[in-house]
Ligand code: RIB
Ligand code: CA
């Protein structure tokens, strides 16, 4: 039986491919797409979600906009990585997929309440919507199977030396989620940097011979130019689909139990995920932390999903 999931995202180049993987892979049932401010402002991340759904033919999944700013600190977008639109690079057709009038948090709560079994939440963005859900609707926690998020790192950050972007953007939200008692799996930079979009990967998307395949190659080419310019990396890591892959087939992403703490007060380290892999502090385990990716099978699933979506539209 496919695992029911909701993706909370901030498209975002890697979010875009995460949406395609979640929409196409038969191992999951994408119940809703919700958006949040992060990579870009909420209006842009929401427009980008609509654009991706339109191009990929994801027309049967409700899209709802959520929070337009972090819980406490001001929003700081990542235009240096994702561009002024949040999805710079390829051209997209005018979106025909619209948003539903409900706020994302209310839509998630309603689905959790109405769905016959607990739902897995897959946040690939700052955790503002998820924290607000758990705060506004405490009853929702029991209806969440698990939260499998892209964010944090067992090592260094990518927004500061210590902090990864999704967590750094809204550390208070991340702390609420980690302290909620809901099962959490953290797919951080340490594992997503194993999902490198090499020229061979881009060629696989191009070889699909579809508009969607070409668009994915163009998205990855733009993303790659940003990673080379900012970090000198030859190939960009495709972060967000790794979280979806963990839900699709847990054997794709090896995890270990650990205690994850969110640094809220460090003058140099605010937003860091302090991951106690060796239980030095003797605190209760509160998360599964991803440590390794089966990259070959990951890319097979990712390219296969885009191929499936492209053939639906052909
Ligand atoms: O640090 C990478 C994460 O931040 C990804 O989710 C990317 O889309 C950005 O949101
Ligand atoms: Ca993202």
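Values quoted throughout were computed directly from the atomic coordinates according to the rules given, and no laboratory measurement underlies them. For clarity, every value in this text was computed on a predicted model and none was experimentally measured. Counting neighbours? That spans all protein chains shown, and the Cβs are built from the backbone with ideal geometry, glycine included.
Observations, loosely collected:
- Sites residue 139 and residue 69, calculated FRET efficiency, Cβ-Cβ separation with R0 22 Å, nearest 0.05: 0.30
- Candidates 70, 95, 116: whichever shows maximal mean-square fluctuation once the chain is modelled as a Gaussian network with Cα springs under 10 Å: 116
- Antiparallel content of DSSP bridges confined to the chain, in %, to 5: 30 percent
- Pair residue 295, residue 269: separation of 7 Å Cα→Cβ label points (nm): 3.0 nm
- Choice from 188, 89, 151 showing the highest fluctuation, given a GNM over the chain with Cα pairs closer than 10 Å: 89
- Just checking the listed ones, 207, 78, 64: in the Gaussian network model of the chain with Cα springs under 10 Å, the one fluctuating most is 207.
- Using a cutoff of 8 angstrom between alpha carbon atoms and counting only pairs six or more residues apart, the relative contact order for the chain works out to 20 percent.
- Ascending count of other beta-carbon atoms within 10 Å, so fewest first, for 77, 105: 77, 105
- Shape of the stretch 142-245, Cα gyration tensor, a/c cut at 1.5: oblate
- Calculated mean residue ellipticity, 222 nm, the chain: -12000 deg cm²/dmol, from DSSP H runs (n ≥ 4) at -39500 (n - 2.57) each, averaged per residue and rounded to 500.
- Between the C-alpha center of the stretch 229-254 and that of the stretch 14-42 there is a gap of 14 Å.
- Calculated FRET efficiency for the pair residue 79/residue 285, C-beta based, R₀ 35 Å, to 0.05: 0.40
- Cα gyration tensor category, rounded, prolate or oblate, for the stretch 82-192 with a/c compared to 1.5: oblate
- Computed from the C-beta positions of residue 230 and residue 277, the FRET efficiency with R₀ = 30 Å rounds to 0.60.
- Stokes-Einstein D (µm²/s) once Rh is taken as the Kirkwood radius of the stretch 1-139 over alpha-carbon pairs, at 10 °C in 1.306 mPa s: 106 µm²/s
- Cα gyration tensor category, rounded, prolate or oblate, for the chain with a/c compared to 1.5: rounded
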